[in-house]
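First up is the structure itself, then whatever we jot down about it.
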Amino acid sequence: MTTELDLRNPALIGGLLFLATVPVHLLVPQDVSIALAAVSLSLIGGAYIGFGARSDSFPAFAMELVVASMFGMAALTGLFLHWSAIPIGLTLHAVWDLLHHNPRFGATVPRWYIPLCIVFDLAAALFFIILYAV
């Protein structure tokens, strides 16, 4: 039995979720904010591992696992080398989300997840560039 969560406006929810995270990044020191952003990127990228495991397709699972590992590497790079890897990773994750609009590409993803995540990813990427570069 498959159930699809009915979200009327997932992009709006993605924007609201992003706005809910902003105060934390404004209140903590920059190194803590970068660490939180790195953890967030890892978790966001890792969500696709679950979609891949649920797909009953080993190639889809393997692809999602490899790509999620690359987002984890971007997070570690942002944490230990330069913060710019985090907004780059978030932007690439938005592209990865967009690619999943094609049902023949990768694991099946809930329809609401893609616009929610794209809005969150791009808003967060822009926010971190502004926050850390200024």
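If the condition is being in contact (Cβ under 8 Å) with a residue 40 or more places away in the chain, closer than 20 Å to residue 31 by Cβ and of a type outside the set (Gly, Ala, Ser), then the range 61-81 contributes only 79. Inclusion of residue 79 among residues that are more than 15 Å from the chain's Cα centre (by Cα) and either part of a helix (DSSP H, G or I) or aliphatic (A, V, I, L, M) (or both) is warranted.
For residue 21, the conditions (1) closer than 21 Å to residue 9 by Cβ; (2) modelled with pLDDT of 95 or more; (3) not in a helix (DSSP H, G or I); (4) not charged (D, E, K, R) are fulfilled apart from (3). Contact map, the range 34-51: first residue within 19 Å of residue 64 (Cβ to Cβ), second residue outside any helix (DSSP H, G or I), Cβ cut-off under 8 Å, separation 6 or more or different chains; pairs are 48/106; 48/107; 48/109; 51/106; 51/107; 51/108; 51/109.
Is at least one residue of the range 117-134 of a type in the set (A, V, I, L, M, F, W, C), in contact with a helix residue (DSSP H, G or I) (Cβ under 9 Å, 6 or more places away or on another chain) and either at pLDDT below 95 or in a loop (DSSP other than H, G, I, E, B) (or both)? Among the residues of the range 117-134, not one is of a type in the set (A, V, I, L, M, F, W, C), in contact with a helix residue (DSSP H, G or I) (Cβ under 9 Å, 6 or more places away or on another chain) and either at pLDDT below 95 or in a loop (DSSP other than H, G, I, E, B) (or both), which makes the answer no. Among the residues of the range 102-113, is any out of contact with any Lys or Arg (no Cβ under 6 Å at 6 or more places or on another chain) and part of a helix (DSSP H, G or I)? Yes, that holds for at least one residue.
The values are calculated or read from the model by the stated rules, or taken from the named source; none is laboratory data. None of the values given here were measured: they were computed from a predicted structure. Positions of Cβ are generated from backbone atoms using ideal geometry, with glycine treated the same way; all protein chains shown enter the neighbour counts.
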